[in-house]
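The values are calculated or read from the model by the stated rules, or taken from the named source; none is laboratory data. Worth saying up front: this structure is predicted, and the values here are computed from it rather than measured. So basically every Cβ, Gly included, is an ideal-geometry build from the backbone, and we count neighbours across all protein chains shown.
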């Protein structure tokens with residue numbers, strides 16, 4: 001009985017190397033867990049601030065925790081380089097998120113997903129975010145199923161994926 005071994009192709013490595021070395025602005029998605037300590041949020045905010053100062057376009061969602069930290073940092077650097085894609089309509093977002101999101105210039109709402117569970121809507125939203133980016137940075141726990149699936153999907157689409165675990 002023969003077993004098939006999945007060996008990455010040289011082309012895959014070269015493509016990823018080129019993407020990492022690309023200079024100039026990129027469309028970078030930054031996603032992560034809602035349940036993040038404040039010190040981690042501050043680091044994420046600083047990271048998104050620095051990414052935007054480097055002329056990168058940031059794409060994220062509007063949830064509390066990681067995504068809201070991304071929005072705060074990116075907005076401080078340049079509000080024109082921030083896009084927030086919501087899993088549902090703005091009215092369905094938590095109150096603390098809405099206050100920050102009302103300041104964002106580029107917000108994409110998804111009212112058609114208001115009847116879905118948040119998990120279902122978030123999964124669809126994350127797919128949309130990944131389709132618009134060149135690179136994904138994700139902050140997750142080992143049991144963050146929706147986020148880990150998003151990273152897997154992004155890798156399958158040959159996006160550069162950087163995954164940080166909180167635990």
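Of all residues in segment 77-99, those satisfying the criterion of being in a loop (DSSP other than H, G, I, E, B) and farther than 15 Å from residue 110 by Cβ are 78, 94. Selection of segment 128-152 for residues being closer than 21 Å to residue 83 by Cα and out of contact with any helix residue (DSSP H, G or I) (no Cβ under 6 Å at 6 or more places or on another chain) yields 128, 129, 131, 132, 133, 134, 135, 137, 147, 151.
Residue 105: surrounded by fewer than 19 Cβ atoms within 10 Å (Cβ to Cβ) and touching a helix residue (DSSP H, G or I) at 6+ places or on another chain (Cβ under 6 Å), yes or no? Spelling it out, residue 105 is indeed surrounded by fewer than 19 Cβ atoms within 10 Å (Cβ to Cβ) and touching a helix residue (DSSP H, G or I) at 6+ places or on another chain (Cβ under 6 Å). Among the residues of segment 9-16, is there at least one that is over 18 Å from residue 160 (Cα atoms) and modelled with pLDDT of 55 or more? The answer is no, given that none of the residues of segment 9-16 is over 18 Å from residue 160 (Cα atoms) and modelled with pLDDT of 55 or more.
Condition check ((1) assigned to a helix (DSSP H, G or I); (2) surrounded by 13 or more Cβ atoms within 10 Å (Cβ to Cβ)) across all residues:
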site: 112; (1), (2): yes, no
site: 122; (1), (2): yes, yes
site: 130; (1), (2): yes, yes
site: 138; (1), (2): no, yes
site: 142; (1), (2): no, no
site: 147; (1), (2): yes, yes
site: 151; (1), (2): yes, yes
site: 163; (1), (2): no, yes
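Scan segment 24-44 for residues that are under 13 Å from the mean Cα position of the chain (by Cα) and assigned to a helix (DSSP H, G or I) and the total you get is 1. Of all residues in segment 136-148, those that are free of Cβ contacts under 8 Å to residues at least 24 places away in the same chain and at negative phi have Cβ atoms under 9 Å from Cβ atoms of residues that are outside any loop (DSSP other than H, G, I, E, B) and surrounded by fewer than 21 Cβ atoms within 10 Å (Cβ to Cβ), 6 or more apart or on another chain, in 145/119; 148/163.
Using the structure shown, decide if residue 74 is under 14 Å from the mean Cα position of the chain (by Cα), in a helix (DSSP H, G or I) and over 20 Å from residue 166 (Cβ atoms). For residue 74, the condition - under 14 Å from the mean Cα position of the chain (by Cα), in a helix (DSSP H, G or I) and over 20 Å from residue 166 (Cβ atoms) - is met.
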